[in-house]
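Notes for the one structure printed next.
Read-outs: derived from the displayed coordinates by stated rules, not from any lab. Since we're looking at a predicted model, the values are computed, not measured. Backbone-built Cβ (ideal geometry, glycine too); neighbour counts: all protein chains shown.
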Amino acid sequence: YLVEQYLYHMRLSDETLLEISNRFRKEMEKGLGATTHPTASVKMLPTFVRSTPDGTEHGEFLALDLGGTNFRVLRVRVTDNGLQKVEMENQIYAIPEDIMRGSGTQLFDHIAECLANFMDKLQIKDKKLPLGFTFSFPCHQTKLDESFLVSWTKGFKSSGVEGRDVVALIRKAIQRRGDFDIDIVAVVNDTVGTMMTCGYDDQNCEIGLIVGRDLNTEQPWTVGCGLWGEAFGWGAFGDDGVLNDIRTEFDREIDMGSLNPGKQLFEKMISGMYMGELVRLILVKMAKEELLFQGKISPELLTTGSFETKDVSDIEDDKDGIRKAYQVLVRLGLNPLQEDCVATHRICQIVSTRSANLCAATLAAVLRRIKENKGEDRLRSTIGVDGSVYKKHPHFAKRLHKAVRRLVPDCDIRFLRSEDGSGKGAAMVTAVAYRLADQQKAPRQNTLEPLKLSHEQLLEVKRRMKLEMERGLSKETHSIAPVKMLPTYVCATPDGTEKGDFLALDLGGTNFRVLLVRVRNGKRRGVEMHNKIYSIPQEVMHGTGEELFDHIVQCIADFLEYMGMKGVSLPLGFTFSFPCQQNSLDESILLKWTKGFKASGCEGEDVVTLLKEAIHRREEFDLDVVAVVNDTVGTMMTCGYEDPHCEVGLIVGTGSNACYMEEMRNVELVDGEEGRMCVNMEWGAFGDNGCLDDFRTEFDKAVDDLSLNPGKQKFEKMISGMYLGEIVRNILIDFTKRGLLFRGRISERLKTRGIFETKFLSQIESDCLALLQVRAILHHLGLESTCDDSIIVKEVCTVVARRAAQLCGAGMAAVVDKIRENRGLDTLKVTVGVDGTLYKLHPHFAKVMHETVKDLAPKCEVSFLESEDGSGKGAALITAVACRIREAGQR
């Protein structure tokens, strides 16, 4: 009764355990989140182990197990002849202390020498076998076969290893020898090995747990219906203070006396390394308060570490526990009474039970997450377990099992003891990796290979783009050139002296804007904008041209009244983002409607004239329509106002186009040799004459065939946001039909054209920790996915987006190199103004494009400047520049 009262706070109710479980769940979420991960106490580190065994693994593998002063080399033979048989041979090698404390080169040379000795004995040096490496030290893992040592522990101090990839170090050591070769496939820790070892015997095993001298848990927790290995590093749970209310004075004393105060607080409450020490501290305090041992304390009892965790196990033995307690206490220099032995027995029970209960609380959080991720009403799962406390303590395992089942009654949980998880487990990770590679990699890579462009291929795309640009500029070949290189009659970029108030219209979709743009020069230089968005009803889009332009003028009138400027006549710039033939700055003939517009009587007509006629019909105001431009030119002008080196405009969004300042002598469609003119490339049509057919894949062709304009805008269909998602969808369908994805099951939603939106690519590639976005997107598409499926989907998105960025970069390299050659320069410094959702929102597109331009146009120093409202502000700035030039000519 005395002990019960004294240790009341160490006896945790189920209500308290559920609260701890909820806190742990929140820490898991923090560890998984990209923004919260750096400050999370539970790190949830990716292990890149993407699947557990399915029983079909087979082959011969090597394993290295390094986690202490001795290490092992193993040969593991796995057969799948229906017996799921695993045969192992191993040898233990010592690591001398001088090598543990010497250089990293000495350490890994020693490991390579021992590996060579083992292979010699088995006469397998002539084979290149796959190897799994169990490396049980704190690491930052970036790939399955790449792991950077964070810090040495366990007495190791080899120099030059911390911060470096241990797999690379062992590979170099093997290369230095030169007498054998191996394929290092995976580096794992012992917790992962435990999970994989048990996963071979029970395919429901999704969690690995070690409770020994130190502890960890490994959960390949489900994303959708797949697996993704996360190393919890859960010993640090509570380092941020979330467990302060349940930590006792004894926990705090242990922490203060440890080598790492304030760290690994959860581990110090439950692991074997500290369990005996907790009991000792309790005995000391109770003795000091004369509650035990007649108030007498021995020097041995005051010695840190004198009460071992093995003593806790022995004392809790059902048959002989009290006698064992007496023997331990006598060994510690005490003269215990019967009641002292009984009290010590009860203290051990309370300490070990708390450990089991806390372990159960965190496992409950893991299990609930798996259950929710799978969307199952009742979860059936297996936990692979290893560690001396779990295996050797007489009651720990049973208490853990009972507590887990109480805390998650809607889960059917089996606990499976691991056999040699650190050795056999590493080999099983390697075997699974080989199985997955055999099953999927070759056919998948063969399909994706044509989408991966080499440096030479990109140079060829650049060369062909330059050739098509020249054909578009030439009067002789312009009519048959797909890249039209249309004159815009914009002959200058802003110089900073522009000033005045200007109106702008921005028409390029079902909504359009009217803007008032105030441009100031001198000390107050800048641009102030006011705008209002108006919708265009579908009946107007599909009605007559007169109805459409009357509607536009009505909206202008509304805007002028809204701004208190009714009756004011201002110069106007008109952004009209449809295919046009421009005959002057203020004359543009609509070639064809796109984007769902079908207004009759407009194609073949000058849109400026149509607008002026509508203004005259209204008879309320008059406007000076100075310029009509497209959004690409507007982007260049907007950025040109900020950067005088900006002479190129680029849009990569729903569609894609580029423009740049060309020498007048090369613009053969317009008379004149002096000066420069902005050329609207309309580069989306690059390849429409077949010049890119050898770069187009079956998926590009499928997307083109089912588009609204088959055979047209082929380059745009390879690089723009409108089509990338559709390319990905077609690849996913192909993979699924061949059994490489989603277990061969295609959902009805995935069959729907346009369902895989391009924004999904950005979301998927932005998600770097737990693939949660992939899971959500695939669920939205009605797909049951494994982690392997999620990884493959991400790979497809990466390949498709990277190719788009590289092709865009090759085209841009052709543009900047042409400007440089036009001017006879050895080097060119130029800025590209860029707009478009794909460029701005995709996490990697811009970087890949920049790298491609730098690689393909090394003589050009190219900067990229994101545009702000090029389609609206840009039209006004073109108008401002035109007015400046016109006024200068009048003077």
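Here are a few things to note about the model shown:
- Folded to 0 to 90 degrees: helix 272-288 orientation relative to the chain principal axis, Cα: 60
- Distance between the modelled labels on LYS402 and HIS542, one decimal in nanometres: 7.3 nm (7 Å Cα→Cβ projection).
- Cα shape, the range 825-868, gyration tensor, a/c 1.5 rule: oblate
- Rounded Å value of the spacing that divides the Cα centres of the range 173-187 and the range 5-39: 43
- For the chain, the percent of C-alpha pairs falling in each 20 Å distance bin, counted from 0 to the bin holding the largest distance, reads 13, 33, 27, 19, 7, 1.
- Relative contact order for the chain, counting Cα pairs under 8 Å that sit 6 or more residues apart, in percent: 12
- Using every pair of separate Cα atoms, the Kirkwood estimate puts the hydrodynamic radius of the range 380-539 at 25.7 angstrom.
- Positive minus negative residues near SER159 (Lys, Arg vs Asp, Glu; Cβ under 13 Å): +1
- Space enclosed by the convex hull of the alpha-carbon atoms of the range 706-820, per residue, Å³: 111
- Per-residue packing, averaged as other Cβ atoms within 10 Å, sorts the ranges 686-697, 724-735 into the order 724-735, 686-697, beginning with the highest.
- For GLU339 and GLU308, a Förster radius of 30 Å and the Cβ-Cβ distance give a FRET efficiency of 0.85, rounded to the nearest 0.05.
- Net +/- balance of residues flanking CYS114 in space, Cβ distance below 13 Å, scoring K and R +1, D and E -1: -1
- Three-way shape call for the range 278-406 based on the alpha-carbon gyration tensor, with the a/c threshold at 1.5: prolate
- Overall form of the range 706-764 per C-alpha gyration tensor (a/c, 1.5; a/b vs b/c): prolate
- Set of the range 841-860 residues, backbone N closer than 14 Å to the point 7 Å along the Cα-Cβ line of GLU821: 857-860
- Between HIS58 and GLU748, residue separation times 0.36 nm minus the direct Cα-Cα distance comes to 244.8 nm.
- Neighbours of VAL670, meaning other residues whose beta-carbon lies under 13 angstrom from its beta-carbon, give a summed charge of -4 when Lys and Arg score +1 and Asp and Glu score -1.
- Acute angle (nearest 10 degrees) that the helix 607-618 long axis makes with the longest principal axis of the chain, alpha-carbon atoms: 70
- Between LYS829 and HIS395, the simple label model (points 7 Å from Cα in the Cβ direction) yields a spacing of 7.9 nm.
- Potential lengthening between GLU851 and SER103 on full extension [0.36 nm per residue; Cα-Cα distance subtracted]: 265.5 nm
- Per-residue HN-Hα couplings for the range 443-452 [Karplus 6.51, -1.76, 1.60; θ = phi - 60°; Hz; x = Gly/Pro]: x, 5, 5, 4, 6, 7, 4, x, 8, 9
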